Amino acid sequence: PRMVQKILTEGPSESSTVDSTVGSEETKTKKKSGLSSFFGLGKKKDKDDKKDGPKMIEGLVLDRDSGPKTEGDEELRSDPKEREKKVSALKAELEQLKAKVQESKLSFQSISKENVPVSTRSKVKSSLLLDPDQACYKLTLESETPIDIVALQSSMPLLILDPGTSVPSTSEPDPENGNLFLATLRVQGTSSRVQVQILVTEGQYGALNAFVVTRVAPKVVHLVENKVMPLSLHRSLPMDAPSDTTISMSEIKMQGSFSLGQMHAWVGACFPSVPTKPPQDDIVKYQFESCFSKTRVQAEYCKGEATFRSTNLSVLAVIKDVISKEAAKISAKLDVRAPVINESCVLYVLQQLHPRLEKLLKLKESVKYIEALNELNNQAEDMSYLSAELMDVLKNQDDLTAEHAKNSKKIEFIESVLEQYFIDRFKFKGVNVKHRIGEIRTLVAKYSWEALLNIFAVS
């Protein structure tokens, strides 16, 4: 905007008269002293002098129309049809905005008809990261305000390994409503951060939902959703990473009318940390390692063909199922060739699981004797008749109890891994052994290495 000086005159006057009058007025003003102008002296004389001249009004106005007027603006102002078109367009745009608002309202009402919408400024951040050392996931929730309660829900069977500073409470699964994992975490004090360690069984995939209730008024719930991949316990490795070359891998091949980009997306649906865009190479190669069983997986694919190799038959079964489902979604032709199974892979996987399971079961057995040993220790002064193993249990009972409490759920986790591996081991042979799952539970209850080899038909 620019300031424009405007002068209004009354009566006939020439431009020269106005200029001379203005000049004379400025001269008279300059001659006035500060006192006379302050007290208004000399005003009468000025009025008498102005009686014969034209009357003038001076002022400053704000001119917002600083740019030149275009022909279209003049036409819009003068033509009523153009104005009507402009108004109609604005009304149509307004109706569209109203329709969007109404659609958003209906969408919100469909979510819940019982809750009352409220406004809150608190935000919740979340992360679900793999811990390779513990072979579990760490769910971290952070809020700007103190957290009161966290409810966890998932359509996958999960286990809470370590609840952190919160107090957990698990509920019975509800398969009919798709709730295979339900847990509540009550936060102590005024903490605004919650971290939980969760065990995930591979082969199951879906979402882990966290409903976070903060300590604000009114009470509101923040829904945080985290995606879990089918082979979520695997991490990527360089292709030249050292491995045990003495172990032969089993292999499964796929052919079809798929592109390299489609196969890359299907591989990304199986494993975490796979880039969204495929590499520019004609043949793509990846290698993954299980953080739990330490088995390797190699993926090699190009346009129309893919090959997957692994020492773990359960991993190959998961890859086959997931890629087949993804291909069926887009009606892509996919031909899965008969897998090449190496029997030495079965023994290799069992050798990886055996030491862990044996150690955990031995720890569980030792903890059972602690109460009885304490009772004997209180009654008898001489405990020399006890074996060295029992004396060690009595001496380190606090450490053993703490370690058992921390790892007791891993026994259940390894049992579920053995059950799935038992099913997949015979699935590739064309035999359904789901009715024999109870044999695995009996084996874990009375565990021995020979019984394990016998049930898996490994010679």
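Scanning residues 5 or more positions from L386 or on other chains, none has an amide H under 5 Å from its amide H, with H placed 1.01 Å from N in the peptide plane.
Ordering W266, I247, L237 by Cα displacement along the dipole of the stretch 221-282 toward the positive end leaves W266 in first place; charges were set at the Cβ atoms of Lys, Arg (+1) and Asp, Glu (-1). Other residues within the sphere of radius under 14 Å centred on the Cβ of D148, judged by their own Cβ, net out at +3 (K and R +1, D and E -1). Modelled spin-label separation between T165 and T140, with each label point placed 7 Å from Cα along the Cα-to-Cβ direction: 1.4 nm.
Here the calculated FRET efficiency for N377 and A405, from their Cβ-Cβ distance with R0 = 22 Å, stands at 0.55, rounded to the nearest 0.05. With the highest mean first, a sort of the peptides 168-177, 330-339, 362-371, 305-314 on other beta-carbon atoms found within 10 angstrom per residue produces 305-314, 362-371, 330-339, 168-177. Here's how it looks for C136: its modeled amide H is under 5 Å from those of D131, which are all 5 or more places away or on a different chain.
In the structure shown, the pairs K325/K429; K227/K434; K253/K410; K294/K362; K285/K409; K368/K427 are assessed against 31 Å; a Cα-Cα span above that value is assigned to K253/K410; K285/K409; K368/K427.
Read-outs: derived from the displayed coordinates by stated rules, not from any lab. Keep in mind that what you see is a predicted model, and the values were worked out from it rather than measured. Cβ: placed from backbone, ideal geometry, glycine included. Neighbour counts: every protein chain shown.
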